[in-house]
Protein chains: 2
Amino acid sequence: MSIRIKTNETTEAWRAMLLAHRRVTHELDRDLRTHTDLNLGWYEVLLVLAASENERLRMNELADRMILSRSATTRLVDRLERDGLVDRFVCDSDRRGMEVTLTDQGREKFVEAGRIHFSGIQDRFGNHLTDEERATITSALGRVADANAIPETDAHCPT
Amino acid sequence: MSIRIKTNETTEAWRAMLLAHRRVTHELDRDLRTHTDLNLGWYEVLLVLAASENERLRMNELADRMILSRSATTRLVDRLERDGLVDRFVCDSDRRGMEVTLTDQGREKFVEAGRIHFSGIQDRFGNHLTDEERATITSALGRVADANAIPETDAHCPT
C-alpha cells in the first residue's frame with residue numbers, strides 16, 4: 001500500500017526553493033570552513049552585527065535577524081566571544097538585557113570571510129540564473145517574505 | 001567607522017530567498033504545532049519515509065533527504081519511535097546499518113498533518129505568486145539545486 005502525496009505547481013516551486021536553499025548553504029558553509037576558521041553560523045553573526053547601527057545588537061534581536069544558520073545564536077556568540085571576535089555586555093539601563101558588539105578583530109575577520117562568501121554566492125547561485133530570473137526571484141520571494149513578516153523587537157538597549 | 005557590505009543583484013535575490021525560506025518555514029512549523037502534535041521536523045521525517053520505496057530508508061539516506069528541518073535527524077527519529085509513528089531496526093545484511101520504516105499509525109498521522117501542511121504552503125507561499133513567477137522559481141531554482149547536487153548514498157539495506 002502506498003500513500004499518494006498531493007503535489008501541484010506550488011509545491012513544486014516550494015520544493016525547488018528548499019533544495020536550492022539547502023544545497024547552496026551547504027556549499028557556502030564548506031567554502032568558509034575551507035578558507036577561513038569560520039563556519040556559516042559564525043560568519044552570519046559577524047555579518048548581522050556589521051550591518052547593524054554602531055555594529056551592536058541585543059541578543060534577541062540578533063537571533064531574530066539570523067536567516068542563514070541552523071545553529072542556536074547563543075552558542076554561536078559564546079564561541080565568537082571566546083575567540084575575541086565579539087564582546088558581550090549587560091545593558092546599563094535594563095540589566096536583564098545583553099548586547100553583543102563586533103571587536104576590531106571581528107571586523108577584520110568579517111571583511112576577510114566576506115570576500116569568500118560573496119564570491120561563493122556568485123558562483124553557486126548567481127551564475128546559474130539569467131538577469132530576468134534574478135529579478136523575478138527578488139521581487140516574488142521578497143513579496144512572500146513581506147507577507148510572512150515577523151514583528152520587530154527592540155534592536156538596542158533602552159536609553 | 002562603518003563597514004561597507006558589498007551587495008549586487010545576486011545578493012539581493014539570495015537575501016529574498018533566505019528571508020522567504022525562513023519566514024514561511026517558521027509559519028508552517030507553527031501551523032503544524034497548532035493543529036497536530038507534530039512539529040515541522042517530525043512531519044518531514046514522515047513525509048520523506050512516505051515518499052520512499054516501501055516507506056523505508058536507511059538512517060543516513062533519510063538524513064540526506066531532509067531539506068526542511070533544522071534539527072538532527074537522529075533526535076527526530078528517537079521521538080517518533082517513542083510515539084509509535086516509525087520503527088527502526090538493524091539491517092539483516094549489514095549490521096552496522098539501520099533502517100527506519102513508517103508504522104500504520106505514522107501513515108495515518110502523516111495523512112492528517114499533510115492536509116494542514118499542503119494548505120499552509122498554498123496560503124503562505126503560493127497565493128503570493130503569479131503563475132509565471134511560480135514557473136520561473138521552479139525552473140531557475142531547480143537549476144541552482146541541480147548545479148549544487150550532493151552525491152547520492154544507498155537508500156536501503158544491501159541485499
Q. Would you call residue B:58 at negative phi and surrounded by 20 or more Cβ atoms within 10 Å (Cβ to Cβ)?
A. yes
**Q.** the stretch B:125-134: number of residues that are within 7 Å of chain A (Cβ to nearest Cβ) and within 22 Å of the chain's Cα centre (by Cα)
**A.** 5
Q. So how many residues does the stretch B:1-53 have that are more than 9 Å from every other protein chain (Cβ to nearest Cβ) and open to solvent by less than 30 Å² (accessible area, probe 1.4 Å)?
A. 15
Q: Would you be able to say whether some residue in the stretch A:61-76 is more than 25 Å from residue B:24 (Cα to Cα) and of a type in the set (Asp, Glu)?
A: no
Q. Aliphatic (A, V, I, L, M) and either touching a strand residue (DSSP E or B) at 6+ places or on another chain (Cβ under 7 Å) or more than 10 Å from chain B (Cβ to nearest Cβ) (or both) - does that describe any residue in the stretch A:108-120?
A. yes
**Q.** Within the stretch B:79-105, considering residues that are over 19 Å from residue B:29 (Cβ atoms) and part of a helix (DSSP H, G or I), the one nearest to the chain's Cα centre (by Cα)
**A.** B:81
Q: Would you point out the residue of the stretch A:3-57, among those that are part of a helix (DSSP H, G or I) and of a type in the set (Asp, Glu), that is modelled with the lowest pLDDT?
A: A:53
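The values are calculated or read from the model by the stated rules, or taken from the named source; none is laboratory data. In this text the structure is predicted, and so the values were computed from the model without any measurement. Cβ: placed from backbone, ideal geometry, glycine included. Neighbour counts: every protein chain shown. Note: accessible area is taken over every heavy atom of the protein model, side chains too, but ligands, DNA and RNA are not part of it. Shrake-Rupley method; radii C 1.70, N 1.55, O 1.52, S 1.80 Å.
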